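Enquirer: Structure in structure tokens, see below.
The numbers here are math on the coordinates, done by the rules we state, and not lab data. Remember, predicted model here, so these are calculated numbers, not experimental data. Note: ideal-geometry Cβ built from the backbone for every residue, glycine included; neighbour counts use all protein chains shown.
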Amino acid sequence: EAVKARRRLPDLADFIGLERPHPTVARQQHTIARPDQRQPFDVRARLAAELGKTFEISGTGHYLVAHAPGQRDYWSQRFEDLYRSFVHYFRVRGFHLQEPQFPLVALVFRNQDDFLAYSRRDGAQLGANVLGYYSPLSNRVSLFDVGGGRAQAADWHENAATIIHEATHQTAFNTGVHRRFGATPRWLVEGLGTMFEAEGVWNSTHHTSRRARYNRIRLAQFKRLLPSRPAHLLEEIVASDRLFQSNVDRAYAEAWAFSFFLVETRPKKYSELLARTAARKAFAAYDAGQRMADFTAIFGDNLRHLERDYLEFMDEQR
């Protein structure tokens, strides 16, 4: 069931991970001065007023999760556990994380119809098969319960694929790994999200082998597309996000594979690149020249040599 859920995600490149706001909403981003720094009880009261009595709101150390009444144990701690796994993953690699400035909010709708109705009010442009999304504008994860309230293992696996990916984005944008409203390269954002879908990443304490860190769907996708891979594609990936518009499957496969390669072989430099991109000013343009300059300042200017190492490494993964 987990495989089924994840296979539904690759076709949703514009929306799984970072939803693209409606144009009127996108324009509002430039008027935002600072994030909402209300206290947790203020955010809880605001959510309760917004969502009404059909939702129960549960709090954990870092999360406020709105869900169907009586389902606290089904949702809240899982979000918190994913947050802690994310923090552990980066701290053991020497990456300094910030504490979120305000509670992380997740909305779990009872069904797809309610979820899509909310997404339209939120200004998100979603396809019919979208399971969930993270919005940098509202700073919320929103999804619907694929299992329809059935707390069974198979149903949870369907939900888990969405939660892990979107909670990874939310945590990254609230702990300083990415800058909210910053022009972070898409391959970095989605590469991290897809890496965390592997249990050896989000549950690294219990699954320690490299193979456990494989995202099996992305690895298979990468291998399938490899024979038709354009020469010197890495330069395009580093310099722009065009591949995410022109070839969704290849973009996600390359984002995962290249991120996995860097984390496994050059973890310190990968962390340096995350820190460099996160240090950029919010709303600042990030053109191809500057993206390439930032990347080569860390990894060197011989991209063809790096690309050869990358492809040889991926060829060894089975």
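Enquirer: As an exercise, take the mean of 1/r over every pair of distinct alpha carbons in the range 60-114, invert it, and state the Kirkwood radius in angstroms.
Expert: About 12.7 Å for the range 60-114.
Enquirer: Can you tally the net charge around ARG280? Count Lys and Arg as +1, Asp and Glu as -1, for every other residue whose Cβ sits under 11 Å from the Cβ of ARG280.
Expert: Spelling it out: positives minus negatives among the neighbours equals +3.
Enquirer: By the scheme Lys and Arg +1, Asp and Glu -1, what is the net charge of all other residues having a beta-carbon under 12 Å from that of LEU306?
Expert: In short, -1.
Enquirer: Same structure again: Taking neighbour counts of Cβ atoms within 10 Å as a proxy for exposure, in what order, fewest first, do HIS67, HIS165, HIS232 appear?
Expert: Exposure proxy ranking, most exposed first: HIS232, HIS67, HIS165.
Enquirer: Is the shape of the range 55-154 best called rounded, prolate or oblate, per the rule: a/c under 1.5 gives rounded, else a/b larger than b/c gives prolate, else oblate, with a ≥ b ≥ c the square roots of the Cα gyration tensor eigenvalues?
Expert: prolate
Enquirer: Using Cβ counts within 10 Å as a stand-in for footprinting exposure, how do THR171, THR184 rank, fewest first?
Expert: THR184, THR171
Enquirer: In which sequence would SER142, SER240 go, from the one with the fewest C-beta neighbours within 10 Å to the one with the most?
Expert: Ranking SER142, SER240 by Cβ neighbours within 10 Å, fewest first, gives SER240, SER142.
Enquirer: Rg and Dmax in Å for the range 186-316, alpha carbons only: what are they?
Expert: Gyration radius and largest Cα-Cα distance of the range 186-316: 14.5, 42 Å.
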